[in-house]
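J.: Quick one: structure below, then a few questions.
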Amino acid sequence: MQAEYILKGQVLSFAGTPFDGDSPESAAKLHEAVAIGGGKVLELGTVEQLRKAHPTAALVDHGDHLIIAGFVDAHVHFPQTAIIASWGKRLIDWLNSYTFPEEMRFGDRAYADEIAGRYLDLTRANGTTTMCSYCTIHPESVDAFFTAAQARGQRVVAGKTCMDRNAPDGLRDTAQSAHDDSAALIGRWHGVDRLSYAITPRFSPTSTAEQLEAMGALWADHPDCLMQTHLSEQTDEIAWVKSLFPEARDYLDTYEKFGLLGARGLYGHAIHLEDRERARLREVGAALVHCPTSNTFIGSGLFDMAGLMAEGQRIGLATDTGGGSSFSMLRTMAAAYEVGQLRGTPLHAAQLLWLATQGSARALHMGDQIGNIAPGMEADLVVLDLASTPAIAQRSAGAKDLWEAVFATIMMGDDRAVAEVWINGARD
């Protein structure tokens, strides 16, 4: 296939995992240019090589900007867009004060459409090309999100949030309606274009045993779907779960006993895990999703990235908007670095970029499609200006290598660092 475009810059790809070995940067490779066409990455090489192979392709010269795979946000709540950065509550109070009143509005399809479009515009501006989102209990919210993403050509994952207790009137479904609505949405959206469905019980406190059982049965009927939920975010939440499920061995057991533990499961937060939980999650190959800005904003705790990675856990990175305080994966990487520092295990810039791209893509079982720049991968790309503000520019100018320059943008960058975004091979 002939390329449509050749992008010139500092093109970063990963040939390995920067958490393996003693030199994280050795997992990354730099190229001068990348050729894309038909929505795919076709070839990497020098400009001369690619122009010779693709003589009709348009050259887009980004100078010394960094070209990487588009960011992949593995855990978000798009319906919380309008309440992001709401003041100072613990998790359960935060849900009752801000989240649930806002989610009540999503039975209105026009409002759901408005917020879905706003959310995708805000995240694209920050370089995020794929995300895995909770919707609300309303099927309209799922339809709105998938419709907006489909129009933009994005690869996204989403699902109807299921809750049949401990939520306000008007924001609860039933075990049967949750199953039937979710099944209908799977039939309507899963596998259409670049859209995938995630079966979505919010978390054990807001689902009865009957609903969790229904969600487990649905997942068994649709094993190619992902399943997303929350796990061990706060200590008082864990105590609540124990009071609701006194027979459970631990928090994870409230999912495991109902068929909601598996390789395609995504477990958000996973901060306060017991040894049995860690062992079972690793054994089945489930994904844990680190949400550092949310964990600090709501006061949840410090994720054990180093320990969990050493165990061989599958880990993704996420903003968790709107519990997270930013739509930016750059800010999320910075927070992950800061959490690592507090635990005495700081992350290298290569590890942070990998988590925000290939790591999260692997968590979503999409590592062969997105999250890296390699031949055959889908052409979701972000171009980063490593001198986007005066403060960053002066630090970048004094950097001794690319990684020092990248780290300054990770720590101080925002949407101004995002020079260009390509989704499915099309320039934004």
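The values are calculated or read from the model by the stated rules, or taken from the named source; none is laboratory data. Model, not experiment: these values are computed from the prediction. Here the Cβ is made from the backbone with ideal geometry for all residues, glycine too, and neighbour counts use every protein chain on show. Side chains are part of the model used for accessible areas, which takes the heavy atoms of the whole protein and leaves out ligands, DNA and RNA. Shrake-Rupley method; radii C 1.70, N 1.55, O 1.52, S 1.80 Å.
J.: Mind listing whichever residues of segment 215-230 are within 20 Å of the chain's Cα centre (by Cα), surrounded by 14 or more Cβ atoms within 10 Å (Cβ to Cβ) and of a type outside the set (V, I, T)?
T.: Within segment 215-230, C225, L226, M227, Q228, H230 qualify.
J.: In addition: Which condition from (1) free of Cβ contacts under 8 Å to residues at least 60 places away in the same chain; (2) within 20 Å of A361 (Cα to Cα); (3) charged (D, E, K, R) is the one that R124 breaks?
T.: If we test R124 against (1) free of Cβ contacts under 8 Å to residues at least 60 places away in the same chain; (2) within 20 Å of A361 (Cα to Cα); (3) charged (D, E, K, R), just (1) comes out false.
J.: So, of the residues in segment 308-330 that are within 23 Å of L261 (Cβ to Cβ) and open to solvent by 20 Å² or more (accessible area, probe 1.4 Å), which turns out to be nearest to the chain's Cα centre (by Cα)? Break it down stepwise before answering.
T.: Our first condition is that a residue be within 23 Å of L261 (Cβ to Cβ); within segment 308-330, this holds for 308-318, 320.
Next, only the ones that are open to solvent by 20 Å² or more (accessible area, probe 1.4 Å) stay: 309-312, 314.
Details: M309: 18, A310: 21, E311: 21, G312: 19, R314: 13 Å.
In this case the residue turns out to be R314.
J.: Does any residue of segment 108-122 turn out to be open to solvent by less than 20 Å² (accessible area, probe 1.4 Å), at pLDDT 95 or above and not aliphatic (A, V, I, L, M)?
T.: We begin by selecting, within segment 108-122, every residue open to solvent by less than 20 Å² (accessible area, probe 1.4 Å); these are 112, 115-117, 119-120.
Next cut, at pLDDT 95 or above only: 112, 115-117, 119-120.
Checking the rest, the ones that are also not aliphatic (A, V, I, L, M) come to 117, 119.
Yes, because at least one residue in segment 108-122 is open to solvent by less than 20 Å² (accessible area, probe 1.4 Å), at pLDDT 95 or above and not aliphatic (A, V, I, L, M).
J.: Say whether the condition of being among the polar types (S, T, N, Q), outside any loop (DSSP other than H, G, I, E, B), touching a helix residue (DSSP H, G or I) at 6+ places or on another chain (Cβ under 9 Å) and farther than 26 Å from T357 by Cα is met by at least one residue in segment 99-113.
T.: Looking through segment 99-113, at least one residue is among the polar types (S, T, N, Q), outside any loop (DSSP other than H, G, I, E, B), touching a helix residue (DSSP H, G or I) at 6+ places or on another chain (Cβ under 9 Å) and farther than 26 Å from T357 by Cα.
J.: From the list T254, T296, which residue is within 14 Å of S232 (Cα to Cα), in a helix (DSSP H, G or I) and in contact with a helix residue (DSSP H, G or I) (Cβ under 7 Å, 6 or more places away or on another chain)?
T.: Residue meeting the stated conditions: T254.
J.: Please find, among A350, A408, the residue that is free of Cβ contacts under 8 Å to residues at least 40 places away in the same chain and over 16 Å from the mean Cα position of the chain (by Cα).
T.: Result: A408 is the single residue among A350, A408 that is free of Cβ contacts under 8 Å to residues at least 40 places away in the same chain and over 16 Å from the mean Cα position of the chain (by Cα).
J.: Mind listing whichever residues of segment 350-402 are under 21 Å from V60 (Cβ atoms), open to solvent by less than 10 Å² (accessible area, probe 1.4 Å) and part of a helix (DSSP H, G or I)?
T.: Matches in segment 350-402: T357 only.
J.: Continuing with the same structure: Got a number for residues in segment 1-31 being hydrophobic (A, V, I, L, M, F, W, C), part of a strand (DSSP E or B) and surrounded by fewer than 19 Cβ atoms within 10 Å (Cβ to Cβ)? First the steps, then the outcome.
T.: So the first thing to find is which residues in segment 1-31 are hydrophobic (A, V, I, L, M, F, W, C), and the list is 1, 3, 6-7, 11-12, 14-15, 19, 27-28, 30.
Within this subset, residues satisfying the condition of being part of a strand (DSSP E or B) are 6-7, 11-12, 14, 28, 30.
Adding the requirement that they be surrounded by fewer than 19 Cβ atoms within 10 Å (Cβ to Cβ) leaves 30.
Within segment 1-31, residues that are hydrophobic (A, V, I, L, M, F, W, C), part of a strand (DSSP E or B) and surrounded by fewer than 19 Cβ atoms within 10 Å (Cβ to Cβ) number 1.
J.: Return the residue satisfying two criteria in turn: it lies in segment 231-275 and is touching a Leu at 6+ places or on another chain (Cβ under 9 Å) and of a type in the set (F, W, Y), and of such residues it is farthest from A158 (Cα to Cα).
T.: Here the residue is Y251.
J.: So is A167 buried (at least 21 other Cβ atoms within 10 Å of the Cβ), touching a Ser or Thr at 6+ places or on another chain (Cβ under 9 Å) and touching a residue at least 60 places away in the same chain (Cβ under 8 Å) or not?
T.: For A167, the condition - buried (at least 21 other Cβ atoms within 10 Å of the Cβ), touching a Ser or Thr at 6+ places or on another chain (Cβ under 9 Å) and touching a residue at least 60 places away in the same chain (Cβ under 8 Å) - is met.
J.: Based on this model, can you work out whether W94 counts as in a helix (DSSP H, G or I), among the aromatic types (F, W, Y) and farther than 22 Å from R427 by Cβ?
T.: Taking the combined requirement at face value, the residue satisfies it.
J.: From the list I83, I67, exactly one residue is surrounded by fewer than 20 Cβ atoms within 10 Å (Cβ to Cβ) and in contact (Cβ under 8 Å) with a residue 60 or more places away in the chain. Which is it?
T.: Selected residue: I83, the only one of I83, I67 that is surrounded by fewer than 20 Cβ atoms within 10 Å (Cβ to Cβ) and in contact (Cβ under 8 Å) with a residue 60 or more places away in the chain.
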